[in-house]
Amino acid sequence: MLILGSHVSFGTRQLLGSAEEAYSYGANTFMFYTGAPQNTIRKSIDFDLLKEADTFMKEHGILKEYVICHAPYIINLANKTDLSKWDFSIQFLKQELKRCDELGIRFLVLHPGSAVGLPREEALQNIVDALNHVLETPYHTKILLETMAGKGTECGTTLEEMKFLLEHVHHEVGVCLDTCHLNDSGISISSFDSYLDSFEREIGLDKIGCVHVNDSKNLLGSHKDRHENIGYGTIGFENLLHVCYHDKLKDVPKILETPYVGNTWEDKEKIYPPYRFEIQMIQTKTFDTKLLEHIKEYYNK
Ligand code: FE
Ligand code: FE
Ligand code: ZN
């Protein structure tokens with residue numbers, strides 16, 4: 001079965017609100033941030049709402065075992081030039097894992113970090129040290145390191161770097177593939193099978209816990225990281241479908257993180273979520289050449 005959902009919000013009604021939003025898109029899973037991705041302001045878990053959310057998911061075909069949480073971007077384990085900042089990242093990651101445990105969420109996606117002024121090897125070692133420290137405490141939730149586009153000084157942009165991280169962390173961590181990031185890092189999704197073969201050989205397919213399915217606004221190897229709506233970017237609909245329906249990734253949840261759309265594709269104000277329509281395109285394997293019109297029509301009703 002195709003396990004497919006999108007990024008949804010985690011508002012005042014917490015996981016219940018997220019699950020309802022996912023259901024409204026026709027999804028059977030979803031990904032959320034426990035607060036704004038850019039900051040670390042977090043509310044504590046409301047267990048009454050959580051109970052309701054669990055019931056809602058059971059009754060509406062949402063597979064909680066495949067629901068993903070994403071850690072905020074400001075966690076940076078790669079640079080410890082400012083020790084207090086590094087320590088803050090570590091403490092915050094611990095809290096995030098604890099929150100996920102309380103929510104009963106199995107996977108937490110994390111950006112490995114940015115080297116900033118450091119040599120790559122040193123940055124990678126800092127990530128390893130941080131994760132080894134954080135994971136001294138056992139959590140039910142598993143960290144998935146996301147493959148990055150290589151924007152700025154991002155680490156985790158090549159198979160070699162991912163392999164290094166996974167080999168040197170003494171605890172079970174996995175990987176989240178992001179199709180836009182792979183494209184922007186220089187790996188063509190049109191030869192996804194050969195990438196997956198290398199991944200299988202070097203790291204192991206059992207490590208893949210999630211796939212972010214996004215098109216890209218930029219060319220192969222651009223190191224930009226700007227997501228585009230499914231089928232409207234440089235990767236293309238057929239290549240993304242191939243990833244979604246890949247035999248070797250059957251039990252891996254696919255999550256859309258494509259941009260909201262406004263009055264034109266270039267609008268600064270993105271107002272409508274595209275997910276209901278993109279999910280439908282993927283489920284029916286049919287590209288909608290009038291996606292924007294259909295989204296606007298639906299939300300302007
Ligand atoms: Fe991410
Ligand atoms: Fe992503
Ligand atoms: Zn991205």
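The values are calculated or read from the model by the stated rules, or taken from the named source; none is laboratory data. What you are looking at is a predicted structure, and each value in this text was computed from that prediction instead of being measured. Here the Cβ is made from the backbone with ideal geometry for all residues, glycine too, and neighbour counts use every protein chain on show. Just the protein is used for accessible areas: all its heavy atoms, side chains included, with ligands, DNA and RNA removed. Shrake-Rupley method; radii C 1.70, N 1.55, O 1.52, S 1.80 Å.
Observations, loosely collected:
- Close amide H partners of I143, meaning residues 5 or more places away or on another chain with modelled amide H under 5 Å apart, are L108, G174.
- Cysteines having no other Cys beta carbon under 4.7 Å from their own, within the chain: C69, C100, C155, C180, C244
- Converting phi to 3J(HN,Hα) with the Karplus coefficients 6.51, -1.76 and 1.60 and the offset θ = phi - 60°, region 89-98 yields 4, 5, 4, 5, 4, 4, 5, 5, 5, 5 Hz in sequence order, with x at every glycine or proline.
- For region 1-71, the square roots a ≥ b ≥ c of the C-alpha gyration tensor eigenvalues yield an a/c of 1.5 or more together with a/b not exceeding b/c, which makes the shape oblate.
- Each residue of region 223-233 is assigned a 3J(HN,Hα), and the resulting list reads 6, 9, 6, 10, 6, 10, 5, 4, x, 10, x Hz, derived from the Karplus form 6.51 cos²θ - 1.76 cosθ + 1.60 (θ = phi - 60°), x at Gly and Pro.
- Legend: calculated FRET efficiency, E160 to K94, from the Cβ-Cβ distance at R0 = 25 Å, rounded to 0.05, equals 0.35.
- Put a plus charge on the Cβ of each Lys and Arg, a minus charge on the Cβ of each Asp and Glu, and nothing anywhere else: the dipole of region 148-301 about its Cα centre is then about 480 debye.
- In order along region 118-126, phi translates into HN-Hα couplings of 8, x, 4, 4, 5, 4, 4, 5, 4 Hz, rounded to whole numbers, per the Karplus curve 6.51 cos²θ - 1.76 cosθ + 1.60 with θ = phi - 60° and x for Gly and Pro.
- Carbon-plus-sulfur accessible fraction, the chain (probe radius 1.4 Å, protein heavy atoms only): 51%.
- For G236, the shell of other residues with beta-carbons less than 12 Å away shows a net charge of -3, using +1 for Lys and Arg and -1 for Asp and Glu.
- Gyration tensor over alpha-carbon atoms, region 185-244, equivalent ellipsoid semi-axes in Å: 21, 13, 11
- Rounded to 5, the percent of DSSP beta bridges in region 4-299 classed as antiparallel: 15 percent
- Among 205-217, 123-135, the peptide with the highest mean count of other Cβ atoms within 10 Å heads the list, and the full ranking is 205-217, 123-135.
- Amide H partners (placed H, <5 Å) of T157, local residues excluded: M148
- Directionally averaged shadow of region 125-231, computed from the convex hull of its alpha-carbon atoms, nm²: 6.9 nm²
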